[in-house]
Amino acid sequence: MSDRFDSLFGQGLAILFALGLGALVILTVDESPVRVFVTLLNGAFGSPERIAGTLLQTTPILICGIAACISFRGGLFNIGIEGQLFMGGFWATWVGFSFNLPPALHLLLAMAAAVIAGMAWIAIPAFFRARYKTNEVVSTILANYVAILFTSYLTINWFKRSGGQSETPPILQSAYLPELFSFSRLNWGLVIGLVLAVGVYLFFTRTSRGYAVSEMGANPKFAEYGGIDIKKQTFLVLIASGAVGGLAGGVEALGVHHRFMEGFAPGFGFDGVIAALLANGNPIGTIFTALFFGALRSGSLLLEVDTTASREIITVIQALIILAVSAQITIRRKASDSTAGERRWKF
Amino acid sequence: MPLAIELKSITKRFGAFVANEDVNLAVESGKIHAIIGENGAGKTTLMNVLFGLLQPDEGEIWIDGEKKSLPNPAAAIDAGIGMVHQHFKLVPSLTVAENVFLGMEIRKGGLIDHAAQIKRTAELSKQFGLQVDPTERVGLLSVGIEQRIEILKVLARGARIIILDEPTAVLTPQESRELFQTLRGFVAQGMTVIFISHHLEEVMEVSDNVSVLRLGKNVATRPTAELTKSDLVQLMVGRLVSFDRLPRTPTIGKTVLEVEDLWARDDRRLPALRGVSFGVRAGEIVGIAGVAGNGQTELAEVLSGLRSSSHGSIKLNGRTITGASAREIRAAGVGHVPGDRLVRGVDRNASISMNLLMGRQDQSPWSTHGIINRNYLLEQTQALIKRFDIRARGPESTAKSLSGGNIQKIVLAREFTGSADCLLIDQPTRGVDIGAQESIHGEIMRQRDAGKAILLISVQLDELIRLADRILVMFGGTIMGEISGDRVDEEEIGMLMAGVVPEPRSNTLGAA
């Protein structure tokens with residue numbers, strides 16, 4: 001209990017520290033930090049439309065964050081969520097514009113395509129990690145670049161919409177992920193993300209398979225000794241993580257853009273990884289950290305209109321937060337007398 | 001007699017926990033001073049204070065009659081104190097001399113002067129009778145020699161007061177004797193030795209004075225000659241404890257575990273088991289004696305399915321289980337208390353209940369349709385905490401918050417309450433204090449009497465003598481010989497442990 005408080009408190013402190021440093025940066029561009037932060041808040045939560053806008057930005061970060069949580073709990077580090085998202089987004093779009101099907105079925109198939117694309121994209125890193133202990137951080141991060149360039153290649157050279165832009169034809173209405181309100185593009189993807197967060201949380205805390213995965217993450221030698229098939233489970237955990245990463249792309253394509261284009265989802269995958277890290281791998285906590293990043297993103301839109309500060313300031317603040325939080329995690333790990341190689345993601 | 005070290009009223013707290021409370025310690029110069037006590041009695045904390053690794057909350061440290069403050073180990077080394085840790089910190093790919101001078105290399109023109117280092121190492125080696133080859137690579141050497149290198153490291157840094165933390169835990173009886181010879185050599189040259197140990201015989205044999213710590217306080221400091229072994233135990237535990245062979249009735253049944261011509265390799269792909277054959281019957285404890293690193297760990301790992309064998313067969317109740325996975329072997333009825341409980345035996349950050357769940361998370365009634373049955377788990381945890389006398393605040397306490405003995409009880413509670421009819425028990429009381437040792441031994445005997453076939457691996461001879469019906473001695477991956485548990489000659493076992501087959505003798509009545 002006090003452990004959980006400690007970690008929340010520490011995380012909060014790290015964010016405050018980063019905001020403080022951010023204020024100094026804002027001062028260097030001759031702008032008032034107070035005005036910037038107020039504008040940010042106003043831009044993120046100032047009206048129902050703006051709140052919806054924030055939640056719209058939150059959704060992909062949340063789903064990507066859950067994908068990251070799944071791998072973290074198993075002691076694995078899927079940092080290729082960005083790539084899985086691009087693949088998921090592309091293939092969901094492809095199903096969306098290539099077939100003419102009844103509404104519910106079309107949507108379902110397009111989502112399935114996203115999930116399968118995400119799984120396929122992590123399958124090779126997952127296999128090599130499980131079979132040969134190839135470092136998944138390296139292989140998944142490399143797969144990101146391939147995914148981004150590959151989907152871009154497919155878009156430009158095979159599926160480009162006639163006339164102008166580097167984008168695919170729009171998907172049919174039958175594959176749209178329905179919107180929640182009339183005044184915003186905010187859609188059912190948010191609900192999917194929330195349900196997924198709760199589901200993954202329950203999976204890890206209540207089920208025997210979730211227990212097996214958690215113990216593999218906490219102490220793989222103990223898990224192996226207890227009869228858990230480490231290789232098989234490593235493969236499955238990464239595949240599940242990739243599936244959710246692909247789903248994030250599907251939600252973005254079918255719910256927001258209704259097409260696929262270059263620069264389809266800038267950095268959502270990475271933001272998701274950081275959101276999950278901030279939440280210590282807890283999917284429920286990731287809801288809040290994803291919201292925080294979503295608010296920064298959507299608040300920064302107003303920032304450029306109302307102040308002399310540029311959006312890049314937000315990137316700077318985000319980077320500072322990441323730095324502060326990772327420093328805090330490192331210090332904490334050093335302080336606890338952890339045995340070699342032990343990783344722990346607490347709920 | 002002048003005092004080399006005087007600790008006055010040392011108190012060290014960790015939060016609300018008091019590790020050392022008003023501890024006074026006076027170590028005479030030129031003597032071997034033993035410090036004994038149960039785990040958690042505060043020995044290590046006290047030594048870490050003395051070596052500058054921890055700062056005392058209260059109290060003073062006097063060295064050679066001067067008051068000192070020791071903010072870090074460098075200050076302690078300057079004051080002439082050296083510490084040989086229980087776990088060696090050597091670089092296997094470097095030579096002996098390079099290890100000795102690691103971090104304080106002798107330089108010439110900005111480069112390491114290897115010749116000078118080798119010469120100096122050879123001089124130290126000769127002066128103190130610690131035989132090593134300065135040019136040999138450490139990775140190829142035995143544990144006993146590694147320890148000599150650790151001691152040489154300390155000497156090279158000019159230590160006059162040497163602290164050894166459980167130095168004999170990894171040695172054969174013969175190697176221990178050589179070490180004691182070395183220590184006596186030190187004091188003969190006017191140095192002072194502080195010696196932490198669990199082994200009371202050793203303390204009796206080698207030390208001049210002994211201090212006993214109990215629950216963070218020192219309860220006595222006496223000349224060793226005035227005390228008997230049972231006095232020491234009583235001082236440590238605070239009550240009478242017997243270490244005699246436990247009484248038993250013959251309950252031996254059919255063969256449960258049968259191992260034939262088993263071969264396996266270690267992590268470095270070198271042969272660790274070379275044709276091991278034996279059987280364990282129901283209601284029997286078969287002990288495996290041997291110096292750590294002679295294939296015992298690999299044997300337990302192969303039998304539990306955590307390591308593959310390269311040749312030979314393992315049968316459980318007549319069924320071949322060679323090459324089966326850990327899960328299948330568990331299901332077939334083998335329980336395993338691993339030698340390194342903190343690595344394999346528990347998840348230190350998880351609660352007691354979560355640690356008790358391992359291996360049975362898919363079995364009813366622990367879970368139904370893949371959902372963990374939380375109420376049942378909690379009930380069982382509470383019952384097992386009670387039955388195995390696990391000292392913890394509750395089922396949700398994390399394993400790492402418990403002492404070594406209580407962590408071991410979690411492992412026993414899990415492995416002894418399954419449906420296993422064969423138990424592999426590796427080092428059940430390593431690092432466990434005497435009080436918990438007694439109850440763990442009692443539990444193992446109860447399992448024997450309940451008809452389980454037990455393979456007991458231990459590097460502690462007294463433990464095997466106390467528990468085992470038969471003792472097999474392992475050396476270099478083979479079984480050197482078998483000795484009946486009630487007719488043990490320590491000298492004979494010692495020779496077998498060192499790989500020497502003793503001459504047949506008529507006197508096998510034990511060296512009492």
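The values are calculated or read from the model by the stated rules, or taken from the named source; none is laboratory data. From a predicted model like this one, the values you see are computed outputs, not experimental measurements. Heads up, the Cβs are rebuilt from the backbone with ideal geometry, glycines too, and the neighbour counts pull from every protein chain shown.
Of the strands (runs of 3 or more DSSP E) lying entirely inside region B:284-381, those containing at least 3 residues that are within 17 Å of A:GLY227 (Cα to Cα) span B:334-337. Within region B:77-97, at least one residue is at positive phi and either surrounded by fewer than 20 Cβ atoms within 10 Å (Cβ to Cβ) or touching an Asp or Glu at 6+ places or on another chain (Cβ under 6 Å) (or both). Among the residues of region B:355-371, which ones are at the interface with another protein chain (Cβ under 7 Å from one of its Cβ atoms) and either over 36 Å from the mean Cα position of the chain (by Cα) or buried (at least 22 other Cβ atoms within 10 Å of the Cβ) (or both)? B:LEU357, B:MET358, B:GLY359, B:GLN361, B:SER367, B:GLY370, B:ILE371 - these are the residues of region B:355-371 that are at the interface with another protein chain (Cβ under 7 Å from one of its Cβ atoms) and either over 36 Å from the mean Cα position of the chain (by Cα) or buried (at least 22 other Cβ atoms within 10 Å of the Cβ) (or both).
More than 28 Å from B:ASP449 (Cβ to Cβ) and more than 14 Å from every other protein chain (Cβ to nearest Cβ): is that true of B:GLY283 in this structure? Step through it out loud before you land on a result.
Working: more than 28 Å from B:ASP449 (Cβ to Cβ): no; more than 14 Å from every other protein chain (Cβ to nearest Cβ): yes.
In short, no.
There is at least one residue in region A:198-213 that is buried (at least 22 other Cβ atoms within 10 Å of the Cβ) and more than 13 Å from every other protein chain (Cβ to nearest Cβ). Within the option set A:VAL115, A:VAL38, being without any contact (Cβ under 8 Å) to a residue 12 or more places away in the chain and either touching a Gly at 6+ places or on another chain (Cβ under 9 Å) or not assigned by TED's automatic domain parsing to the domain that holds A:ALA265 (or both) holds for one residue only, A:VAL38.
The residues listed here are B:GLY305, B:GLY290; of these, the one that is within 14 Å of another protein chain (Cβ to nearest Cβ) and surrounded by 23 or more Cβ atoms within 10 Å (Cβ to Cβ) is B:GLY305. Being within 24 Å of B:GLU415 (Cα to Cα) and touching a strand residue (DSSP E or B) at 6+ places or on another chain (Cβ under 7 Å), is that true of even one residue in region A:192-205? Looking through region A:192-205, none of the residues is within 24 Å of B:GLU415 (Cα to Cα) and touching a strand residue (DSSP E or B) at 6+ places or on another chain (Cβ under 7 Å). A:VAL95 meets the conditions (1) within 30 Å of A:GLU167 (Cβ to Cβ); (2) surrounded by fewer than 18 Cβ atoms within 10 Å (Cβ to Cβ) in every case but one. The failed one is (2). Just one of (1) of a type outside the set (Val, Ile, Thr); (2) over 25 Å from B:LEU227 (Cα atoms); (3) part of a helix (DSSP H, G or I) fails for B:MET47. It is (2). Can you find, within region A:156-180, the residue that is surrounded by the fewest Cβ atoms within 10 Å (Cβ to Cβ) among those that are touching a Ser or Thr at 6+ places or on another chain (Cβ under 7 Å) and hydroxyl-bearing (Ser, Thr, Tyr)? Among those residues, the one meeting the criterion is A:SER166.
Picking from residues in region B:382-391 that are in a helix (DSSP H, G or I) and touching a residue at least 24 places away in the same chain (Cβ under 8 Å), the one that is nearest to the other protein chains (Cβ to nearest Cβ) is B:LEU384. Restricting attention to region B:188-232, the residues being among the hydrophobic types (A, V, I, L, M, F, W, C), modelled with pLDDT under 85 and crowded, with 20+ Cβ neighbours inside 10 Å number 2. Filtered by the rule that a residue be crowded, with 24+ Cβ neighbours inside 10 Å and assigned to a loop (DSSP other than H, G, I, E, B), region A:266-285 gives A:ALA279, A:GLY281, A:ASN282.
Within region B:21-43, the set of residues being in a strand (DSSP E or B) and polar (S, T, N, Q) comprises B:ASN24 only. Among residues of region A:214-225 being hydrophobic (A, V, I, L, M, F, W, C) and farther than 22 Å from B:GLY333 by Cα, the one that is nearest to the other protein chains (Cβ to nearest Cβ) is A:ALA218. Restricting attention to region B:313-352, the residues that are in contact with a Pro (Cβ under 7 Å, 6 or more places away or on another chain) and more than 8 Å from every other protein chain (Cβ to nearest Cβ) add up to 3. Just one of the listed residues (A:LYS133, A:LYS160) is without any contact (Cβ under 8 Å) to a residue 60 or more places away in the chain and on the phi > 0 side of the Ramachandran plot, and it is A:LYS133.
Is it true that B:ILE434 is more than 20 Å from the chain's Cα centre (by Cα), assigned by TED's automatic domain parsing to the domain that holds B:GLU284 and either under 21 Å from B:GLU175 (Cβ atoms) or not charged (D, E, K, R) (or both)? Taking the combined requirement at face value, the residue does not satisfy it. Criterion applied to A:PHE86, A:PHE77 was being aromatic (Phe, Trp, Tyr), touching a residue at least 12 places away in the same chain (Cβ under 8 Å) and assigned to a helix (DSSP H, G or I), and the one residue passing it is A:PHE86. Considering only region A:226-234, I want to know if a residue exists there that is more than 10 Å from chain B (Cβ to nearest Cβ), touching a residue at least 12 places away in the same chain (Cβ under 8 Å) and within 14 Å of A:ILE284 (Cα to Cα). No, every residue in region A:226-234 fails to be more than 10 Å from chain B (Cβ to nearest Cβ), touching a residue at least 12 places away in the same chain (Cβ under 8 Å) and within 14 Å of A:ILE284 (Cα to Cα). Taking region A:281-309 as the range and being touching a helix residue (DSSP H, G or I) at 6+ places or on another chain (Cβ under 6 Å) and not hydrophobic (A, V, I, L, M, F, W, C) as the test, the residues that pass are A:GLY281, A:PRO283, A:THR286, A:THR289, A:GLY294, A:ARG297, A:SER298, A:GLY299, A:SER300, A:ASP306, A:THR307.
Candidates in region A:183-196 are the residues that are over 17 Å from A:LEU85 (Cβ atoms) and in a helix (DSSP H, G or I); of these, the one that is farthest from the other protein chains (Cβ to nearest Cβ) is A:VAL191.
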